Ligand SMILES: *Cc1c(COP(=O)(O)O)cnc(C)c1O
Ligand SMILES: [Zn+2]
């Protein structure tokens, strides 16, 4: 029996389980809702906390996967949580942990949403997938499509790192470079998916099935720490990772596994920060970032042009959690990438370094409580955009 269905995030209209991306009534993005009474009737999380195996498939009752559906997996999830020793001032008894999503099968967290979305594509009997990507979604889509035996077409903006482009091609995907920024690629992918009846895996809130994969970060964090952290700092493009993590904790609370929720900090690069701008200006609605995106953090450079409501959704989650949104300058990213590698042995993608630089900034500005436990999500591996660092050092970026 199916215990889930798509529901409009904005107006609450409910839908059948089908390849659907927006509400037919209000055009809003969708969310998956579950019959929690049924799922949680067997004290759901407790046995999983000590269960063997790391794959996200162990949480399948809380993923939009039919009971008999084989999951498409490359062993994603079960990533390390390590405590920093030398990077963070531990004066106030605060501790900073890093969740190393950089060691997933394609070296970024996107493997979680893509494993779920590719399983959904197979479930729907589709044989082609399409996505727009700043890089990591495309690499994960290409890998999981190869695993599932589906055709895959990817639309990336100019300036996507060579490492990611060439990985997509190695996995056998068809790669198209779109003139302009990420939002231009988003539009072309949307048109192509409709024209070809392909499943659209673009990792904004476009695909409600994909977003659910991000919840598994929350379940793992709670088990690994043995408690709910005070703050979770997340690099955000449109923000489904941040929202997914928060939703995961809310489910654990609903199940009676915890009674606390974390505060969420969303981090963008100063050169493309539509959500941060709206937070600072105390706006409810996020506006698109109309200046050209100017940052070396290509993985999170999403100007949200034509879909600013995605940013509004993320901002509302940040506010609900009593969190904050902040932006980091490129020079700080270069500096912290080096510090993180030198002092902790962790090489992170520039987009991911935002979460570490933000932790330091939040500490320095007194935002963190005494004895707070803080998690920075290291969303991607430094090897995925090494050329950006090399070019920057040479002065060509
Ligand atoms: C996609 C991505 C993000 C942003 O995640 P969203 O869920 O799109 O907001 C952050 N860091 C890296 C490395 C990414 O690839
Ligand atoms: Zn609606």
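The values are calculated or read from the model by the stated rules, or taken from the named source; none is laboratory data. All figures in this text were calculated on a predicted structure; none of them were measured in a lab. When we count neighbours, we look across all protein chains shown, and the Cβ atoms used for this are built from the backbone with ideal geometry, even at glycine.
On the stretch given as segment 67-93, residues that are at pLDDT below 95 and touching a strand residue (DSSP E or B) at 6+ places or on another chain (Cβ under 9 Å) total 3.
Conditions tested, residue by residue: (1) in a loop (DSSP other than H, G, I, E, B); (2) in contact with a helix residue (DSSP H, G or I) (Cβ under 9 Å, 6 or more places away or on another chain).
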| residue | (1), (2) |
| --- | --- |
| 6 | no, yes |
| 12 | yes, no |
| 26 | yes, no |
| 33 | no, no |
| 37 | no, no |
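Applying the condition of being in contact (Cβ under 8 Å) with a residue 60 or more places away in the chain and surrounded by 18 or more Cβ atoms within 10 Å (Cβ to Cβ) to segment 249-260 and asking which residue is farthest from residue 351 (Cα to Cα) yields 257.
When 353, 267 are checked against the criterion of being under 30 Å from residue 26 (Cα atoms), in contact with a helix residue (DSSP H, G or I) (Cβ under 9 Å, 6 or more places away or on another chain) and buried (at least 23 other Cβ atoms within 10 Å of the Cβ), 267 stands alone in meeting it.
Let's see how each residue does on (1) in contact with a helix residue (DSSP H, G or I) (Cβ under 8 Å, 6 or more places away or on another chain); (2) closer than 26 Å to residue 61 by Cα; (3) surrounded by fewer than 24 Cβ atoms within 10 Å (Cβ to Cβ):
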{"residue": "136", "(1), (2), (3)": "yes, no, no"}
{"residue": "139", "(1), (2), (3)": "yes, no, no"}
{"residue": "152", "(1), (2), (3)": "yes, no, no"}
{"residue": "155", "(1), (2), (3)": "yes, no, no"}
{"residue": "172", "(1), (2), (3)": "yes, no, yes"}
{"residue": "182", "(1), (2), (3)": "no, no, no"}
{"residue": "185", "(1), (2), (3)": "no, no, no"}
{"residue": "212", "(1), (2), (3)": "yes, yes, no"}
{"residue": "217", "(1), (2), (3)": "yes, yes, no"}
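Every test in (1) in contact (Cβ under 8 Å) with a residue 12 or more places away in the chain; (2) outside any loop (DSSP other than H, G, I, E, B) is passed by residue 67 save one, and that test is (2).
Can you confirm whether residue 11 is within 16 Å of ligand 2 (Cβ to nearest atom) and exposed (fewer than 13 other Cβ atoms within 10 Å of the Cβ)? For residue 11, the condition - within 16 Å of ligand 2 (Cβ to nearest atom) and exposed (fewer than 13 other Cβ atoms within 10 Å of the Cβ) - is met.
Restricting 298, 321 to residues that are buried (at least 20 other Cβ atoms within 10 Å of the Cβ), under 24 Å from residue 97 (Cβ atoms) and within 19 Å of the chain's Cα centre (by Cα) narrows the list to 321. Within segment 14-52, restricting attention to residues that are within 16 Å of ligand 1 (Cβ to nearest atom) and farther than 22 Å from residue 254 by Cα, the residue that is surrounded by the fewest Cβ atoms within 10 Å (Cβ to Cβ) is 21. Checking every residue in segment 79-87 against the condition of being assigned to a loop (DSSP other than H, G, I, E, B) and over 30 Å from residue 359 (Cβ atoms) gives zero matches.
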